[in-house]
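One structure is given below, encoded as structure tokens.
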Amino acid sequence: MVLLTALGVGGATLFGSILGFIFKKISHRFSDIVLSFAAGVMLAAAVLGLIVPSLDYGGKYAILITIAGIFVGAACLNLIDKLVPHMHKLVGIDNEGHENNTRLSKVLLFVTAIAIHNLPEGIAAGVSFGTDDASQALLIAGGIALQNIPEGMVIIGPMLAAGVSPKRTFIAALATGVIEVVGTLLGYFAVNLASAILPFALAFAGGTMLYVISDEMIPETHAHGSQTGATYALLVGFAVMLVSDFLLS
């Protein structure tokens, strides 16, 4: 199940990239709505599937372990953001007039940023299986997979416009998905080899997801004039996860 989930999470990016080839010019409004819905799903998944279980498994010092895990997870992604460009600063690259070399370098940085951020997202999906609650783990993986679809879609147009061949564009999208598969398996095996780290690992994964939502997804979805629609889409995504969690509990 873990392997299939890993392939599904990584495959969602690939599916999104295929849609990107079909619909090369995706409107910002559509992308913002879909990404906001995914952000709402991920927000609920982070809280209900990772942070709350961290409190449940943390024992006597649960609250300290959970808070520490959240902040360490966020700090790790903050460090990554200092090493690579913020995604929402590069998503705005459109099929508009810039020099090809400049545009290509920015697009490649953008794809690199997505790939690096995919690793902790994959780890979050893998860590969630350490709780032995398969339904919660699948919900978390589903939330991450939903977010990966629009992410895969936005890679394609800018790369093609920058002069990258369709074949290399597809390989780049595939590579970002493979990284998520690796992250999922790493997270799963880490908590199974050392079950004592499970509470911290759950909170760490939750912290990374909260960071991505706040620092990357929400700013991007509110940057093109679709703030109201994006906000309600996030609430709908959150509500969908609440209903799913309620029905499966």
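The values are calculated or read from the model by the stated rules, or taken from the named source; none is laboratory data. Predicted model, so just to flag it, every value in this text is computed and none were measured. Counting neighbours? That spans all protein chains shown, and the Cβs are built from the backbone with ideal geometry, glycine included. Accessible surface areas use protein heavy atoms only, side chains included; no ligands, DNA or RNA. Shrake-Rupley method; radii C 1.70, N 1.55, O 1.52, S 1.80 Å.
Side notes on the structure shown:
- Mean sequence separation of contacting Cα pairs (under 8 Å, at least six apart), scaled by the length of the chain, corresponds to a relative contact order of 45 percent.
- Semi-axis lengths, largest first, of the ellipsoid equivalent to the range 1-81 are 32, 16, 13 Å, with √(5λ) applied to each eigenvalue of the Cα gyration tensor.
- The residues of the range 174-249 expose on average 47 square angstrom of accessible surface per residue, using a 1.4 Å probe on protein heavy atoms.
- Count, lysine Cα pairs under 22 Å in the chain, 8 or more residues apart or across chains: 9
- Surface per residue (accessible, 1.4 Å probe) for the range 5-83, Å²: 49 Å²
- Calculated FRET value between R168 and L7, using beta carbons and R₀ = 22 Å, to 0.05: 0.45
- Against the rule of thumb 2.2 N^0.38 Å, how large the Cα Rg of the chain comes out: 0.98
- Choice from E180, E216, E151 with maximal GNM fluctuation in the chain (Cα, 10 Å cutoff): E216
- For the chain, the fraction of 1.4 Å probe accessible surface lying on carbon and sulfur atoms is 71 percent.
- Note on the chain: GNM, Cα springs under 10 Å; of D32, D56, D215, the largest mean-square fluctuation is that of D56.
- Tail beyond 17 Å, pair distance distribution of the range 123-223 (Cα, percent): 59 percent
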